[in-house]
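Novice: This is the structure, below, for whatever I ask next.
The values are calculated or read from the model by the stated rules, or taken from the named source; none is laboratory data. Fair warning: this is a prediction, and the values are worked out from it, not measured in the lab. All Cβ positions, glycine included, derive from the backbone under ideal geometry; neighbour counts span all protein chains shown.
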Amino acid sequence: MLVPCEVAVKCVLPAVRAMIAEELMIKHKLKQVETAKLLGVSQPAISLYFRKKRGKAIDLRNERDITNLVENLAASLAKGNLPLKDFIPMFCEICSTIREKGLMCKSHKAFDPTIDIEKCGICQLITVGRFRK
């Protein structure tokens, strides 16, 4: 049984990184090496994201609220002085929004066929903080 965070690490994190990398390289005209440094990954990883060889498990490009969050994060990164204490909450907000909207449910079902995605609702509970005891 995979918990939602494991699915996020396998599917969502690479997809969001790919979107941020593309935004940084196309809109902000950064090179792969610069983009890699900002995201804390290798230049070959950025190349794989850009060529759609990695980060394609979930397509988030048609989700306007997700793309807005990605654009804001990329713009902040491109300015060159985004501290980790600000980067992490911005990135987590993207992931939380994806969970809240149920956008990774199909991916979770692919990893764990026993999950009934119509009745689950765990990600929505986690994102609003109702899951804590």
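Novice: Please specify each residue of the stretch 94-123 satisfying the condition of being surrounded by 17 or more Cβ atoms within 10 Å (Cβ to Cβ) and more than 26 Å from MET19 (Cα to Cα).
Specialist: ILE115
Novice: In the stretch 42-125, which helices (runs of 4 or more DSSP H) lie fully inside it and hold 2 or more residues that are among the basic types (Lys, Arg) and at pLDDT below 95?
Specialist: Where helices (runs of 4 or more DSSP H) fall fully within the stretch 42-125 and carry at least 2 residues being among the basic types (Lys, Arg) and at pLDDT below 95, they are 84-100, 105-111.
Novice: Criterion first (in contact (Cβ under 8 Å) with a residue 12 or more places away in the chain, within 27 Å of CYS123 (Cα to Cα) and touching a His at 6+ places or on another chain (Cβ under 6 Å)) does VAL7 satisfy it?
Specialist: yes
Novice: If you check VAL70, VAL33, VAL3, which single one turns out to be surrounded by fewer than 18 Cβ atoms within 10 Å (Cβ to Cβ), closer than 30 Å to ILE115 by Cα and not basic (Lys, Arg)?
Specialist: VAL3
Novice: Out of (1) on the phi < 0 side of the Ramachandran plot; (2) within 15 Å of the chain's Cα centre (by Cα), what's the single condition that is false for ASN81?
Specialist: (2)
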